[in-house]
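Student: Take a look at the following structure, please.
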Amino acid sequence: MHRLAWPFRLVGIIAAGALLITGVTLGVAPRLWRIANAHEETAIELPEFQPLSQRTVVYDVKNNVIGVFERENSQPVKLEQVPEMVVKALLAVEDNEFFLHHGVNLRGFARALLSNFASEGPTQGASTITQQVVKNEFLAGLPRDGRYKALQAHYATMLEKKKTKQEILERYLNTVFFGNNAYGLAAAAEVYFGKKVEQLTMVEGAFLAGLVRSPSGYDPIRNPEPSRRRFKQVTERLAKVGLVNQEQADYLAANWKIPDRVRTIATFSTEPTYFTKSLRDYLLTKSNILGATEQERANLLYRGGLQIHTTLDPLMQTQAERARNILPDTSVGFDAAVVSLDTESGAIRAMVGGRGIRKNVPGGEVNMALVPRQTGSSIKAFILAAAYEAGAEPRDMINGPGPCTVPDFVDGVEQTKTVDAKSGELGPLNGPNTWLSSDCGFVRLSYAVGLHRVVDSVYRMAHSPYFFQGQSTTDREPFQPLPLTATGNNVMAPIDMAAGMQTILNKGLHHDPYYVQWIDRADGTRFFSHVDQGVQVLDEGPALNTVATLKGVIRAGTGARNLRNFPRPAAGKTGTQFENTNAWFVGGTPQLTTAVWVGDPNGYTPMNGIPEFRKEMGRNGKVQGADYPARIWGGFMEAALAPMPEVDWPAPPKASRVPARIFVPGEECPAKLVSGTLPPMYSTSSTSSTSTTSTLPTSSSTPTESSGPTTTGPAAVVAPITGYTTVPPDVLDPRAPMPSVDLRTYVYLCETPPTNVVVQKKGT
């Protein structure tokens, strides 16, 4: 049968030749004439080669490789880096007469045509290496019609007048596609053999050359049998050109092990981390460092060969991951996130978004360090700072006891909510109200500062690429001027909380959290350097007053349970949301600021009575900010700060005036004594029969004078002092004063004055 087939093949060859002659005569002859005489023509203006696609490499502060960004695996090399025998093998398979032709090998074209007619399978291609370079560089996207090959050939001859053979060959070796996302010989050496290109053998180079004709069809990993058959053709070619003898060729074809998996070079064997994934998203969507458009940024990130030097400290990152593991695993899946910033600069030193990236697990790649959650009482640190900025002094008094009833909003409908605070007294800002996190005290302080001004202050202190005023509601739920902000009803991410605390601990000088120290181009020149002088969003005096007050949280307040013995000066704030659904500790030192969150990444699940937590804590399994968040924070901070000297903040400024009484107009009414003896303010003793529960205003209002209840005993008569209102919503000046009176001024609950006090009506 095989012999009978030859006459038919001969007829086919003759017919093909006739068709070829006809085609040349009728349509292609003029272009082929130009090709044949191209050496006498003036070179056309071909565009210059575009810069080669190169992988971007990411480094930490110790110059360790922590990430690689590449769209296609492309690693440019110089021709002299490629072993000579590898080059010979590649040329033998792809274009054995490369150094003899002028871009087009007409003899090779004809030979390939005849060979492909006479063979059971294709063994030779018709395109020279120069033609392949032209196809990839200049003809991508053009229709493969009758003009394509002639245009390709013409451009090839022109390219050879413009570039040397060595330049063309080097370009080919750096751009040809080998499959499995490997563009260029260096990438293919890594993907298939786990080697640098300098380490390739002649046989390995020949194998790679065999993939070029059909990278997917001859893919050794997915299509091993076709790949093996193709390699046999390659070995026969090596024998034909004399690179091996026939015996060697037969042995290689039968025994040489083709690659069976994708490999990497150890130097660049990196797994995605919370930090590198966040860095990528930051560079693509949150910053214009790499270009004005996302397309520009993506092209440079994935193909630009950048060297990105980040802020990540590998030792701190390791310590943060270890500290996160203080939280035991639970059946519910509770997790912890840690973000640590350099206090003086805002540089992100460590980022842990959970127990580790878990591919193919729902939510397994979510970085909880960037996910907004209700803040609990940790937000009170910012309210306190806003109060000091508005002129409050540490010895100023605020009413702390609860319960207090405040406006609330559920699905946009105004309701009321009673905050049943168990702590609080009429006391100074730098005192138990703050240290023990009195909810009603801070609700009143928020009203006194002004709810809209609180929001503005939080945005200024915690500004970051993720948290800023005016951003799209699809990106982030806006921070609202709610009365219950003081109890944590608004949402912020750990990185936001760290950014805000960094402002306070850095004496009011804010720096946005940042990932990148500098970026170099592929040629080593500097592309970008981080420069940020910072913004003084909080005066130094108020910031130092806030720090001094928050030191008390660790020393004698809610954080003392696990942090009382922290070995160096530190300030911070616990936070626990209603029903213990989110727990926080946010704080730091002059050198390092860290936010820790603990909760259920998949929802607001109460952390009450959890068996694993009960076993660990030896109590009721109820998690608050003073528990695991404080322990994780303390464990990380102590280890991270160990190499650093102990540093404290400057002493806060001395008081510029006598202490004042901060109050909420509309809820609390100041008055002067007309006659009699005043009882204690907000007395809870048997001398007062009225409840101390207060109802806070829903809007700015002026207190209304009223007469007190009838009394049977001696009564004090007071005259209300009018003219005080809550801070209007449009007053955002952070230094505009809050409502306050001299400490000697009597203040009573407007709706329920004590039974033995008579409030004088107007005109009496």
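The values are calculated or read from the model by the stated rules, or taken from the named source; none is laboratory data. Model, not experiment: these values are computed from the prediction. Please note: Cβ atoms are built from the backbone with ideal geometry, for glycine as well, and neighbour counts cover all protein chains shown.
Student: Could you check how many residues of the range 275-316 are among the polar types (S, T, N, Q) and in a loop (DSSP other than H, G, I, E, B)?
Tutor: Going through the range 275-316 one residue at a time, the tally reaches 4.
Student: Within the group 38, 43, 15, which residue is more than 23 Å from residue 195 (Cβ to Cβ), at pLDDT below 55 and buried (at least 16 other Cβ atoms within 10 Å of the Cβ)?
Tutor: Exactly one of 38, 43, 15 is more than 23 Å from residue 195 (Cβ to Cβ), at pLDDT below 55 and buried (at least 16 other Cβ atoms within 10 Å of the Cβ), namely 38.
Student: Within the range 53-97, restricting attention to residues that are within 27 Å of residue 156 (Cβ to Cβ) and among the charged types (D, E, K, R), which residue is farthest from the chain's Cα centre (by Cα)?
Tutor: 97
Student: Related question: Return the residues of the range 226-274 that are of a type in the set (A, V, I, L, M, F, W, C), assigned to a helix (DSSP H, G or I) and within 16 Å of residue 179 (Cβ to Cβ); say none if nothing qualifies.
Tutor: Within the range 226-274, 231, 234 meet the criteria.
Student: With respect to the numbered conditions (1) at pLDDT below 95; (2) surrounded by fewer than 21 Cβ atoms within 10 Å (Cβ to Cβ); (3) touching a strand residue (DSSP E or B) at 6+ places or on another chain (Cβ under 8 Å); (4) within 27 Å of residue 418 (Cα to Cα), which one is the sole condition not fulfilled by residue 674?
Tutor: (4)
Student: Working only within the range 189-218, note down all residues that are within 14 Å of residue 263 (Cα to Cα) and of a type outside the set (A, V, I, L, M, F, W, C).
Tutor: Those that are within 14 Å of residue 263 (Cα to Cα) and of a type outside the set (A, V, I, L, M, F, W, C): 190, 192, 194, 195, 196.
Student: Continuing with this model, one more query. Can you tell me how many residues in the range 320-349 are closer than 25 Å to residue 580 by Cβ and within 20 Å of the chain's Cα centre (by Cα)?
Tutor: So the answer is 9.
Student: Tell me yes or no: at least one residue of the range 83-92 is modelled with pLDDT of 90 or more, touching a Leu at 6+ places or on another chain (Cβ under 8 Å), over 30 Å from residue 315 (Cα atoms) and not in a helix (DSSP H, G or I).
Tutor: Looking through the range 83-92, at least one residue is modelled with pLDDT of 90 or more, touching a Leu at 6+ places or on another chain (Cβ under 8 Å), over 30 Å from residue 315 (Cα atoms) and not in a helix (DSSP H, G or I).
Student: Let me ask another. Being assigned to a helix (DSSP H, G or I), free of Cβ contacts under 8 Å to residues at least 40 places away in the same chain and surrounded by fewer than 24 Cβ atoms within 10 Å (Cβ to Cβ) is the requirement here; does residue 167 meet it?
Tutor: yes
Student: Further question on the same structure: Strands (runs of 3 or more DSSP E) wholly in the range 365-458 with at least 3 residues that are at pLDDT below 95 and surrounded by fewer than 23 Cβ atoms within 10 Å (Cβ to Cβ) - which ones?
Tutor: Of the strands (runs of 3 or more DSSP E) lying wholly inside the range 365-458, those with at least 3 residues that are at pLDDT below 95 and surrounded by fewer than 23 Cβ atoms within 10 Å (Cβ to Cβ) span 404-410, 413-419.
Student: Please give the number of the condition residue 609 fails out of (1) touching a residue at least 24 places away in the same chain (Cβ under 8 Å); (2) part of a loop (DSSP other than H, G, I, E, B).
Tutor: Condition (1) is where residue 609 drops out.
Student: Moving to a separate point now. Filter the range 500-531 down to residues that are of a type in the set (Gly, Ala, Ser) and either under 24 Å from residue 276 (Cβ atoms) or touching a Cys at 6+ places or on another chain (Cβ under 9 Å) (or both) and give me whichever is surrounded by the fewest Cβ atoms within 10 Å (Cβ to Cβ).
Tutor: 524
Student: While we're looking at this one, here's another question. Which ones in the range 200-242 are at pLDDT 95 or above and of a type in the set (Ser, Thr, Tyr)?
Tutor: 201, 218, 227, 235
Student: Among the residues of the range 475-486, is there at least one that is among the basic types (Lys, Arg) and in a loop (DSSP other than H, G, I, E, B)?
Tutor: yes
Student: Checking residue 654 against (1) within 24 Å of the chain's Cα centre (by Cα); (2) surrounded by fewer than 15 Cβ atoms within 10 Å (Cβ to Cβ); (3) closer than 26 Å to residue 541 by Cα, only one condition comes out false. Which one?
Tutor: (1)
Student: Okay, moving on. Tally time: how many residues in the range 170-181 are closer than 14 Å to residue 216 by Cβ and not in a loop (DSSP other than H, G, I, E, B)?
Tutor: 1
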